[in-house]
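**Student:** Below is one structure. I have some questions about it.
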Amino acid sequence: MNPSQQRCLAEICSELGRVVRYDDESIVNGRWIRQRYECCFASFTPARKAAVQAAWHEAGHAVAALAVGARFSSASIHHSRDTEGRVHGIRGAGELAFAVDAAGQIAERLKDWTMLAGDDELRAWLPTWRKDGGDARHFRRAIGPRFGSDEFGAWRYSEDMLTPLRLKIRHVARALLVHPRYLPYNVVRAIAGGC
């Protein structure tokens, strides 16, 4: 970790310590709220909620990538025309890339424990999962080597892998919310390890 990344990590850890008792919506950096407010929402409240959802989604991808030994360049919840955020340049996920692709949706559900618990419920939802910045398409393409065309089995495998990592996902999501810029890989890895 270079000196600027060490400073970034120290700032984030200090801020996370300061806001430890606050809920996610209370700690969103004003930059992320304004980006969403200026383009898409009538007030700050829904813009703030959208930033929180994006942070959990991207934190899910980042923590899943760390869990399978993949690397990425950075994670961000920078809002743009086509995306609410992004984990940039994920590589090296191998045959578990599908879990990284599913991780955004799973993390959003882990946020408030709204997992698709019933098998029938999940089987009904999976075909509707389409527009998600390419995640659904990549998931379906990546399950082949391990699961063939069994989307249900691949999803449950991903849930089983990510559910024990919920606190790491939450920690990274909160770091994305308080910091007004992207987070480099080394900083995300350190935050996921606990600061």
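The values are calculated or read from the model by the stated rules, or taken from the named source; none is laboratory data. If you're wondering where the values come from, they're calculated on a predicted model, not measured in any experiment. Cβ sites come from the backbone with ideal geometry, for glycine too, and all protein chains shown count toward neighbours.
**Student:** Could you tell me how many of the residues in segment 141-195 are in contact (Cβ under 8 Å) with a residue 24 or more places away in the chain and more than 23 Å from SER73 (Cα to Cα)?
**Tutor:** 12
**Student:** GLU58 versus (1) surrounded by fewer than 18 Cβ atoms within 10 Å (Cβ to Cβ); (2) at pLDDT 95 or above; (3) not hydrophobic (A, V, I, L, M, F, W, C): which is the lone unmet condition?
**Tutor:** Only one criterion is unmet by GLU58, namely (1).
**Student:** So, one more: If CYS39 satisfies all but one of (1) closer than 27 Å to GLN5 by Cα; (2) of a type in the set (A, V, I, L, M, F, W, C); (3) in contact (Cβ under 8 Å) with a residue 24 or more places away in the chain, what's the number of the condition it fails?
**Tutor:** Only one criterion is unmet by CYS39, namely (1).
**Student:** Any residue at all in segment 70-91 that's at pLDDT 95 or above, surrounded by 12 or more Cβ atoms within 10 Å (Cβ to Cβ), among the β-branched types (Val, Ile, Thr) and assigned to a helix (DSSP H, G or I)?
**Tutor:** No.
**Student:** Determine whether ALA64 is part of a helix (DSSP H, G or I), closer than 20 Å to GLY144 by Cβ and within 13 Å of the chain's Cα centre (by Cα).
**Tutor:** yes
**Student:** Next question, about the same structure. Residues GLU38, GLU58, GLU95: which one is assigned to a helix (DSSP H, G or I) and touching a Pro at 6+ places or on another chain (Cβ under 7 Å)?
**Tutor:** Working: GLU38 fails: touching a Pro at 6+ places or on another chain (Cβ under 7 Å); GLU58 fails: touching a Pro at 6+ places or on another chain (Cβ under 7 Å).
Just a single option satisfies the conditions, and that option is GLU95.
**Student:** Within segment 119-142, count every residue that is in contact with a helix residue (DSSP H, G or I) (Cβ under 9 Å, 6 or more places away or on another chain) and assigned to a loop (DSSP other than H, G, I, E, B).
**Tutor:** Looking only at that region, the number is 5.
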